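Worksheet: one structure, shown below.
The values are calculated or read from the model by the stated rules, or taken from the named source; none is laboratory data. Given the structure is predicted, the values throughout are model-derived calculations rather than measurements. Heads up, the Cβs are rebuilt from the backbone with ideal geometry, glycines too, and the neighbour counts pull from every protein chain shown. Heavy atoms of the whole protein, side chains included, go into the accessibility calculation; ligands, DNA and RNA do not. Shrake-Rupley method; radii C 1.70, N 1.55, O 1.52, S 1.80 Å.
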Amino acid sequence: MAKIPEESTPNLSRRQLLQRATICGGALLLGLNRQLVGLQRNPFLGGTFLGLVDFIGEASAPLDTPIGAELDERLYTDLSQVSASHRVTPTSRFYVRTGASQLLPEVQGWRLHIGGLVEHPITLDVDTLQRQARPIGLHLMECAGNNRLTRFGLLSVANWEGVPFSEIANRVKLKRGAVRVLVSGFDRYVMRSRTSIPGASWIFTLDQLLNAGAFLATKMNGASLTKNHGAPLRLVVPGWYGCACIKWVQQIAFVGNGARATSQMQEFSSRTLQDGIPQLASEYEPAAIDQTAMPVRVEKWRVDERIKYRVVGVLWGGSQIVKTLEIRFNPEEEFVVVDHFHQTTSDPWTLWSHDWMPVAPNVYEIRLKITDPQVRARKLDAGYYDRSVSITDV
Ligand SMILES: Nc1nc2c(c(=O)[nH]1)N[C@H]1C(S)=C(S)[C@@H](COP(=O)(O)O)O[C@H]1N2
Ligand SMILES: [Mo]
């Protein structure tokens with residue numbers, strides 16, 4: 001597989017570095033302990049939780065803290081906090097891949113234009129859409145550039161509300177040949193980005209949007225969208241990478257089959273595993289997330305005078321329910337079946353855990369494998385989601 005370009009971390013200000021230094025340690029552990037008590041199947045009950053083992057070889061970017069501004073703004077979610085009772089990412093910790101522009105218009109008076117190959121273009125005000133919105137449920141979002149350098153923190157789950165795309169499409173009568181849909185958001189910024197090309201829009205086939213259950217979100221986790229998450233309107237395409245989930249949506253245009261790919265589609269072509277950088281929208285594969293899995297924390301316990309570890313992780317992506325998940329602790333070791341894994345839905349993520357007693361102190365590179373036939377797991381199998389820990393105590 002070709003090398004996938006990485007999301008780069010903007011430089012941190014001194015203040016941000018200082019903030020970071022103060023949030024480590026105690027508070028996190030306390031919070032975790034509380035969550036662990038809430039875990040249903042805890043094979044280590046009765047043991048003492050000693051702490052988390054850090055993943056090594058990943059960037060030291062701060063987690064759960066906004067850094068940078070505008071197009072370069074990022075927030076990496078601390079995934080070590082995910083548990084059965086914390087399946088949804090609180091909005092203040094939901095990842096941010098692009099911050100809101102300082103030029104973003106006010107929400108009052110925001111309009112959505114629906115045009116292109118339609119009999120009569122229409123303009124909807126945001127109030128109309130907000131009145132039409134309803135609960136949609138939990139959906140995961142992941143940036144296609146999520147990787148070690150971002151500590152895999154460009155991955156989150158929210159409980160969404162919004163208007164199904166089917167209802168938006170029903171408001172207009174399509175002309176012949178209107179088979180694709182161009183969704184565009186507001187994208188003018190004051191600052192010049194160091195890491196991204198401005199201009200967020202994506203072209204889907206109408207069927208792709210309908211089959212995925214795409215919707216225009218107005219709320220997440222019970223409150224209006226925040227500016228950084230696309231207020232007042234953002235597209236969510238369940239199962240697709242975040243780059244297709246256009247924020248600050250202003251325009252929906254029905255277009256023909258020959259439409260050219262947008263700059264956003266081209267910018268993300270290798271991260272969405274396209275073949276080269278196709279010129280036409282029709283030459284793009286859906287930017288869907290393949291099935292994948294990774295550890296999110298390694299817990300260290302003392303149980304009956306012995307040191308034991310528990311690896312907790314998530315599995316997400318794809319559209320099939322996976323039966324068997326396997327784990328390997330170094331390329332020389334064999335894959336073994338993950339102890340506690342049972343998937344019931346492919347969206348959002350599924351938590352799994354595995355009890356582990358390493359044989360010797362060592363650096364272990366943890367990789368997961370999905371062995372079900374016919375499951376595409378290209379990034380997983382290429383080692384893209386490998387995470388390493390250094391074990392000193394066995
Ligand atoms: N208008 C607009 N929408 C956008 C982007 C953008 O830069 N501009 N970035 C996309 C990318 S790359 C991702 S991963 C998701 C991130 O959404 P979030 O910041 O709410 O997590 O938004 C997508 N939508
Ligand atoms: Mo992204």
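Residues in region 272-289 that are open to solvent by less than 30 Å² (accessible area, probe 1.4 Å) and polar (S, T, N, Q) were compared, and the one that is farthest from ligand 2 (Cβ to nearest atom) is Gln274. Among the residues of region 169-203, those identified as open to solvent by 50 Å² or more (accessible area, probe 1.4 Å), modelled with pLDDT of 95 or more and among the hydrophobic types (A, V, I, L, M, F, W, C) are Leu174, Val179. Could you say which residue among Val312, Val236 is away from ligand 1 (no atom under 14 Å from the Cβ) and either of a type outside the set (Lys, Arg) or open to solvent by less than 50 Å² (accessible area, probe 1.4 Å) (or both)? It is Val312. Which residue is farthest from ligand 1 (Cβ to nearest atom), if the candidates are limited to region 131-146 and must be surrounded by fewer than 18 Cβ atoms within 10 Å (Cβ to Cβ) and not in a strand (DSSP E or B)? Of everything passing the filter in region 131-146, Arg131 is farthest from ligand 1 (Cβ to nearest atom). Set side by side, the residues Val88, Val107 differ, and just one is part of a loop (DSSP other than H, G, I, E, B), more than 14 Å from the chain's Cα centre (by Cα), away from ligand 1 (no atom under 12 Å from the Cβ) and surrounded by 14 or more Cβ atoms within 10 Å (Cβ to Cβ), which is Val107. When Arg97, Arg74 are screened for being within 22 Å of Arg387 (Cα to Cα), within 12 Å of ligand 1 (Cβ to nearest atom) and open to solvent by 20 Å² or more (accessible area, probe 1.4 Å), only Arg97 passes.
Starting from region 207-235, take each residue that is on the phi > 0 side of the Ramachandran plot and list its partners that are part of a helix (DSSP H, G or I), counting only C-beta distances under 7 angstrom and pairs at least six apart or across chains. Every condition considered, the pairs that remain are Asn221/Thr91.
The listed residues are Pro278, Pro295, and the only one of them that is under 27 Å from Ile168 (Cβ atoms) and away from ligand 1 (no atom under 15 Å from the Cβ) turns out to be Pro278.
For the criterion of being more than 15 Å from ligand 1 (Cβ to nearest atom) and of a type outside the set (Val, Ile, Thr), Arg188 fails. Give just the number: which of (1) under 28 Å from Ile391 (Cβ atoms); (2) at pLDDT below 95; (3) open to solvent by 20 Å² or more (accessible area, probe 1.4 Å) does Gln320 not satisfy? Condition (1) is where Gln320 drops out.
Against the condition closer than 26 Å to Ala158 by Cα and aliphatic (A, V, I, L, M), how does Val322 come out, does it pass? The answer is yes for Val322. Screening region 323-394 for strands (runs of 3 or more DSSP E) wholly inside it with 3 or more residues that are open to solvent by 30 Å² or more (accessible area, probe 1.4 Å) and not hydroxyl-bearing (Ser, Thr, Tyr) returns the ranges 362-370.
From the list Phe186, Phe94, the lone residue that is aromatic (Phe, Trp, Tyr) and touching a helix residue (DSSP H, G or I) at 6+ places or on another chain (Cβ under 9 Å) is Phe94.
The single condition among (1) assigned to a loop (DSSP other than H, G, I, E, B); (2) closer than 30 Å to Phe44 by Cα; (3) out of contact with any Leu (no Cβ under 7 Å at 6 or more places or on another chain); (4) open to solvent by less than 30 Å² (accessible area, probe 1.4 Å) that Ser269 does not satisfy is (2). Here Ile122 does not fit the description of being open to solvent by less than 60 Å² (accessible area, probe 1.4 Å), more than 15 Å from ligand 1 (Cβ to nearest atom), aliphatic (A, V, I, L, M) and under 25 Å from the mean Cα position of the chain (by Cα). Name every residue in region 148-167 that is hydrophobic (A, V, I, L, M, F, W, C) and surrounded by fewer than 21 Cβ atoms within 10 Å (Cβ to Cβ), in order of residue number. Of everything in region 148-167, just one residue is hydrophobic (A, V, I, L, M, F, W, C) and surrounded by fewer than 21 Cβ atoms within 10 Å (Cβ to Cβ), namely Leu149. Of the residues making up region 245-257, not one is more than 9 Å from ligand 1 (Cβ to nearest atom), assigned to a loop (DSSP other than H, G, I, E, B) and open to solvent by less than 20 Å² (accessible area, probe 1.4 Å).
Residue by residue, here is whether (1) more than 16 Å from ligand 2 (Cβ to nearest atom); (2) modelled with pLDDT of 95 or more holds:
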| site | (1), (2) |
| --- | --- |
| Thr205 | yes, yes |
| Lys219 | yes, yes |
| Thr226 | yes, yes |
| Val237 | no, yes |
| Gly242 | no, yes |
| Ala253 | yes, yes |
| Arg260 | yes, yes |
| Gln264 | no, no |
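Return yes or no: is Leu112 under 20 Å from Val172 (Cα atoms), in contact with an Asp or Glu (Cβ under 9 Å, 6 or more places away or on another chain) and in a strand (DSSP E or B)? Against the criterion (under 20 Å from Val172 (Cα atoms), in contact with an Asp or Glu (Cβ under 9 Å, 6 or more places away or on another chain) and in a strand (DSSP E or B)), Leu112 qualifies.
Would you mind stating whether Gly242 is over 24 Å from the mean Cα position of the chain (by Cα), within 25 Å of Ala178 (Cα to Cα), touching a residue at least 12 places away in the same chain (Cβ under 8 Å) and open to solvent by 10 Å² or more (accessible area, probe 1.4 Å)? When the stated conditions are applied, Gly242 does not pass them.
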